[in-house]
Amino acid sequence: MLSGDLGFRVFKLDSSNIREWEPDRDHLTEALQSSIDHLKTNRTETDILFELLLKLGLDLCTPVEPRSLAGKAVHSIGAGTLLVCLADVITREEVEPLALGIADWHDALAPAGESTVVFRDSAFADDVAKTNLTAILQQHGLDNVRSL
């Protein structure tokens, strides 16, 4: 792999990073358990991020700026129009500092329109962590919070 910014990105077409739901009626419990995390395990955060851009109809040339907030990688796409955190685990203790870090960064970026914040659904320790994070972001004007 070459190092440095060469001014362009190269992409290779691959299958989706999201597993399809294929229920096995004879082993339904196992099928449900295996679908808890519906993202394929052999894919990188970058793979998932760019598939998300495609699914949302964004140009692959849209600027992406990574930043570490509360120890989690967060990506700003399109100067804060889309904020994405694809961390594998978000504990209850990490919720408030992460949400406040995202809100502060969003305020500093000051995007022109409405922003969307996306998280990996399976990352949250429980529903309380997810609800609290969403509530904190909404208190700071980030109403469009989605999970993948």
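For region 121-146, filtering for residues that are part of a helix (DSSP H, G or I) and not hydrophobic (A, V, I, L, M, F, W, C) leaves 9. The set of residues in region 103-119 that are touching a His at 6+ places or on another chain (Cβ under 8 Å) and either over 14 Å from residue 145 (Cα atoms) or touching a residue at least 40 places away in the same chain (Cβ under 8 Å) (or both) contains only 107.
Does residue 73 satisfy the condition of being surrounded by fewer than 18 Cβ atoms within 10 Å (Cβ to Cβ), in contact (Cβ under 8 Å) with a residue 12 or more places away in the chain and aliphatic (A, V, I, L, M)? The answer is yes for residue 73. Whenever a residue of region 84-98 is free of Cβ contacts under 8 Å to residues at least 40 places away in the same chain and within 14 Å of residue 121 (Cα to Cα), its partners that are outside any helix (DSSP H, G or I) and not hydrophobic (A, V, I, L, M, F, W, C), lying with C-beta atoms within less than 6 angstrom and at least six residues away or across chains, give the pairs 84/75; 85/72; 87/72. Checking each residue in region 106-148 for being among the β-branched types (Val, Ile, Thr) and surrounded by fewer than 13 Cβ atoms within 10 Å (Cβ to Cβ) picks out 128, 131. Restricting attention to region 87-105 and to residues that are closer than 27 Å to residue 58 by Cα and surrounded by fewer than 21 Cβ atoms within 10 Å (Cβ to Cβ), the residue that is nearest to the chain's Cα centre (by Cα) turns out to be 87. Condition first: within 22 Å of residue 14 (Cα to Cα) and touching a helix residue (DSSP H, G or I) at 6+ places or on another chain (Cβ under 8 Å). Now tell me which residues in region 47-74 satisfy that. Residues satisfying the conditions are 59, 60, 62, 64.
Coordinate-derived values only; no laboratory data. All figures in this text were calculated on a predicted structure; none of them were measured in a lab. Positions of Cβ are generated from backbone atoms using ideal geometry, with glycine treated the same way; all protein chains shown enter the neighbour counts.
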